[in-house]
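Written below as structure tokens is the structure these notes are about.
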Amino acid sequence: MRGERWALRAGELLVSLASRRLPPGIRQERYQEWLAELPVILRDRGPAPVRVARMLAFAADTVRGAALAPETYHGTHRGKAAKNMRWLGTGLLLLGGLLVLLPVAALALLYPEIRDIHQLAVGPSLAYGVSGVLVGLVLLAATFIPRWYNPQRRWFSVSKLVAGADLSLRWVVASLLNWGHPLLFAIISYCGYAISVACLGTATVLTVRSLFRPQVR
Amino acid sequence: MTAPLERVFRIFLEDPATRRYGYDVMKAAGLPSGTLYPLLGRLETQGLVSSAWETPGQDGERPRRYYHLTSEGIEVARLELAQLSARRSAERRRAPGRRVRPAPADAR
């Protein structure tokens, strides 16, 4: 029967999983032993669904037995030291992953600010300034939709809007109108950026506060 | 002696000459595979049970592993079960009202 064949395959898979947990010396022997039992259980007395369930229960329980007490199968065992080493390896791997992930996440969060500072230092480009304004406007408009409103988001969008407007203004004064003293550019740039940073700081403080505020349901 | 071990000893002692495969013992003792096979493995390590691979009569069937008690295993099993019955009778005498649940093999 087709269903029984699939069930047998599932049983074989479970048995192979169980035997993989056993010490290498007895693994193959146990696998062959359990594999030979599966068709016998499947041909035993009773209705087909009961026989299939019995066979699958047999196979699943070998996994439980092998997982709980692999050392009891033949007096051999992997030992505590090997188990500790495995945990140590997993811990080191997770720690390594975290050490890589944290700087990447920090860089992704700070990237817009790094770009703004870079633009201030090398002289702004109009495309960057205008796109900053547009992004800021879109974000600000979104906060007026009731379900997306929260104060942190609004302050963040204002920060981006101010930074974009500041860079655009500096470009207009320097390139288009072609006048002004370098000191004026510096004042425009750094005052604008200071306002932007203040808005961003407010957004950050509000976010941190909301994280520690107890949730009322 | 644990209850699963008692059941396994009783099954094998019913007819010590008979070789039994794992599923057969499982059915008779009412034990799940995850309990029975580690138990058999332990008994084999202690030299109380011996196993051998035998090919069944029908064609196309895989060789199966049959278990039986060794002579030492028979002695130990009988001794352990006797001690257990003695302990139970003593308990029954001490507390006559309390019912001691017999192992499934006892009930038969």
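The values are calculated or read from the model by the stated rules, or taken from the named source; none is laboratory data. Bear in mind that the values here come from a model prediction, so they are computed numbers and not experimental data. Neighbour counts run over all protein chains shown; Cβ positions are idealised from the backbone, glycine included.
Against the conditions (1) touching a residue at least 24 places away in the same chain (Cβ under 8 Å); (2) buried (at least 20 other Cβ atoms within 10 Å of the Cβ), where does residue B:33 fall short? Just the number, please.
Every condition holds for residue B:33 apart from (1).
Looking only at the range B:45-62, which residues are in a loop (DSSP other than H, G, I, E, B) and at pLDDT below 90?
Quick first cut of the range B:45-62, residues in a loop (DSSP other than H, G, I, E, B) only: B:46-48, B:55-62.
Listed by number, the residues that qualify are B:55, B:56, B:57, B:58, B:59, B:60, B:61, B:62.
All but one of (1) facing another protein chain (nearest Cβ under 9 Å); (2) buried (at least 19 other Cβ atoms within 10 Å of the Cβ); (3) within 26 Å of residue B:1 (Cα to Cα) hold for residue B:25, so report the exception by its number.
Evaluating residue B:25 over (1) facing another protein chain (nearest Cβ under 9 Å); (2) buried (at least 19 other Cβ atoms within 10 Å of the Cβ); (3) within 26 Å of residue B:1 (Cα to Cα) leaves (1) as the failure.
So residue B:62 ticks every box in (1) in contact with a Gly (Cβ under 7 Å, 6 or more places away or on another chain); (2) surrounded by fewer than 17 Cβ atoms within 10 Å (Cβ to Cβ) but one. Which box is left unticked?
(1)
What's the number of the condition residue A:194 fails, among (1) without any contact (Cβ under 8 Å) to a residue 12 or more places away in the chain; (2) within 27 Å of residue A:210 (Cβ to Cβ); (3) within 29 Å of the chain's Cα centre (by Cα)?
If we test residue A:194 against (1) without any contact (Cβ under 8 Å) to a residue 12 or more places away in the chain; (2) within 27 Å of residue A:210 (Cβ to Cβ); (3) within 29 Å of the chain's Cα centre (by Cα), just (3) comes out false.
Say whether the condition of being modelled with pLDDT under 80, assigned to a helix (DSSP H, G or I) and closer than 18 Å to residue A:200 by Cα is met by at least one residue in the range A:120-130.
Yes - at least one qualifying residue is present in the range A:120-130.
Please determine, by comparing only the residues of the range B:42-59 that are over 15 Å from residue A:37 (Cβ atoms) and either among the acidic types (Asp, Glu) or surrounded by 18 or more Cβ atoms within 10 Å (Cβ to Cβ) (or both), which one is nearest to the other protein chains (Cβ to nearest Cβ).
Here is the first cut: in the range B:42-59, the residues over 15 Å from residue A:37 (Cβ atoms) are B:42-50, B:52, B:57, B:59.
When the remaining residues are screened for being either among the acidic types (Asp, Glu) or surrounded by 18 or more Cβ atoms within 10 Å (Cβ to Cβ) (or both), the result is B:42-44, B:48-49, B:59.
Working: B:42: 5, B:43: 10, B:44: 8, B:48: 13, B:49: 12, B:59: 13 Å.
My answer is B:42.
Out of curiosity, is residue B:76 touching a strand residue (DSSP E or B) at 6+ places or on another chain (Cβ under 7 Å), more than 9 Å from chain A (Cβ to nearest Cβ), without any contact (Cβ under 8 Å) to a residue 60 or more places away in the chain and at negative phi?
On the way: touching a strand residue (DSSP E or B) at 6+ places or on another chain (Cβ under 7 Å): no; more than 9 Å from chain A (Cβ to nearest Cβ): yes; without any contact (Cβ under 8 Å) to a residue 60 or more places away in the chain: yes; at negative phi: yes.
It is false that residue B:76 is touching a strand residue (DSSP E or B) at 6+ places or on another chain (Cβ under 7 Å), more than 9 Å from chain A (Cβ to nearest Cβ), without any contact (Cβ under 8 Å) to a residue 60 or more places away in the chain and at negative phi.
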